[in-house]
1. Are any of the residues in region 3-12 modelled with pLDDT of 80 or more and surrounded by 17 or more Cβ atoms within 10 Å (Cβ to Cβ)?
2. Would you call residue 219 more than 24 Å from residue 30 (Cα to Cα), out of contact with any strand residue (DSSP E or B) (no Cβ under 7 Å at 6 or more places or on another chain) and either in contact (Cβ under 8 Å) with a residue 60 or more places away in the chain or not assigned by TED's automatic domain parsing to the domain that holds residue 44 (or both)?
3. Among the residues of region 121-142 satisfying the criterion of being touching a helix residue (DSSP H, G or I) at 6+ places or on another chain (Cβ under 8 Å) and in a loop (DSSP other than H, G, I, E, B), which is modelled with the highest pLDDT?
């Protein structure tokens, strides 16, 4: 295990990858994904490890008599109660198994391959509730951050595309129609969202990136393939 290993941070990345965080803990983890490339890399590494575990051990439905069999191994149920059929015992068993798998992966996981991240613009000062999204792109999600009070939008990276093409960012709101937010640079991009589009950037709206000709889409709608997308969440 490397000397710089930080168990607390590593577990936070694993918990975020498993969807175990909520409330303020999840908000903190999502902000760290935006601000810390190494942490974002750890989250994606955990996702890949857990995906491999799910492939090795597919889900199996629990037998109907599982509770009775567990009671029998513990000496049987009490004389003044009937065997419980509530779901919480199954949840407890599943949580214990998941914790055991997590410890095994922590002990045995290989070192991730080095990933090169481009520098991001200076952090945007937070002035109130913000929206974040993780856009699915190949094996490396693209993080985005939007401050509604300032109309400031930051996208942490851009898809790898040919030199004669450009990545264009879109928002798909309640009307289901893509609206252009601007073109992305080859590295991180900071945009000021036009007033007409700010109302469309709300929790549940989808950000998408398409590959377009130089100068952007000539039609006002995506003309090339959509290579990344993700829904906005409030934090």
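The values are calculated or read from the model by the stated rules, or taken from the named source; none is laboratory data. All values derive from a computational prediction rather than experimental measurement. Glycine gets a Cβ as well: all are built from the backbone with ideal geometry, and neighbour counts include every protein chain shown.
1. Within region 3-12 (the criterion being modelled with pLDDT of 80 or more and surrounded by 17 or more Cβ atoms within 10 Å (Cβ to Cβ)), the answer is yes, since at least one residue qualifies.
2. Answer is yes for this residue.
3. 141
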